[in-house]
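Participant: One structure is given below, represented as structure tokens, and several questions about it will come after.
Only the coordinates and a few stated rules stand behind these numbers; no lab work does. Just so you know, these numbers come straight off a predicted model, no measurement behind them. Here the Cβ positions follow ideal geometry from the backbone for every residue, glycine too, while neighbour counts run over all protein chains shown.
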Amino acid sequence: MRLKRLCSIAAAAALPLATAGCDLPGLSHASPAASTGRSAAAGAAVSTSANPDAGLLTGTQLKAALVTTGIPSGYAAVAASAVDSGSSYVSPSPPSTTAPKCANLIASGWVNLAGYQSASFAQSDYVNSGKSEEFLQEIDAFQGSTAQSVMANLAKLGTSCPTFKDANTKNSTVKVSVTTAGSPGAGSVTITLTDPSWASSATLIAVRVGSNVISVLNSATGTSSAYANTLASAITANVGKLG
């Protein structure tokens, strides 16, 4: 079974740092096979009008668009966090109507705060040798026009989640700042998290490319914004090549 990893930030005073191998109940993907029983190949036999997954990239394809070269010196992949939905699609649950759990902004899978489940996904996680810095990358493919709704809801997080408490730093207050732009891709949302208890800020960026939403998180000291933008742009270019 392939489950999307959603892991809370664990490191405290030095920097926010997500830990691999943990799932947050209610937010992870269900098993693609259990959800639909339909592979991408089987879905291709169904007419476009009857198949909401028609034209969507599979998890296997999305995995190929994740950045695996040019990784900053000293970073290594976290094997347990490299997961994808394979060649099958998930049958998404209805959109969530509950308020977002703001503390999950410092977690992998933070794109789920938009309230929508994707039909396929791929993600991975890298940490530096001292386990004090980290970057996460994920791509989700959504049915219909859901990707636009995801981006709109992420842009609202500055209002719905202006601050939240970080339990890992004794309930210190994290400030949330959100900006939007028309690029890269079909538009982006950048979220900056700052906390006096952290040595640096964390930068989260979401980019839409067609039906796909790319999401990254970086917590590198002093350079979180720079590398988050580099990573998001590189993945955007990779997804564009997939068509």
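Participant: By count of other Cβ within 10 Å, fewest leading, how are Cys161, Cys102 ordered?
Facilitator: Least to most surrounded, the residues fall as Cys102, Cys161.
Participant: In whole Å, what is the distance between the alpha-carbon centres of region 91-111 and region 193-243?
Facilitator: Computed from Cα coordinates, the inter-centre distance equals 18 Å.
Participant: Report the local net charge at Ser201: Lys and Arg +1, Asp and Glu -1, summed over other residues whose C-beta lies under 14 Å from its C-beta.
Facilitator: -3
Participant: If we count every other residue with Cβ under 13 angstrom of Thr163's Cβ, Lys/Arg +1 and Asp/Glu -1, where does the sum land?
Facilitator: Net charge in that neighbourhood comes out at 0.
Participant: Can you work out the Karplus-derived ³J(HN,Hα) for every residue in region 199-211? Use 6.51 cos²θ - 1.76 cosθ + 1.60 with θ = phi - 60°, whole Hz, and x for glycine or proline.
Facilitator: Karplus values, whole Hz, x for Gly and Pro: 6, 7, 7, 10, 10, 10, 9, 10, 10, 9, 10, x, 8.
Participant: Can you return the lysines within cross-link range of Lys63? Criterion is Cα-Cα under 21 Å, with same-chain partners fewer than 8 residues away left out.
Facilitator: Within the straight-line cut-off, Lys63 pairs with Lys4, Lys241.
Participant: Follow-up question, since we're still on this one. Could you work out, for region 32-242, what percent of all Cα-Cα pairs fall into each 5 Å distance bin, beginning at 0 Å and stopping at the bin that holds the largest distance?
Facilitator: 1, 7, 16, 19, 20, 16, 11, 6, 2, 1, 0
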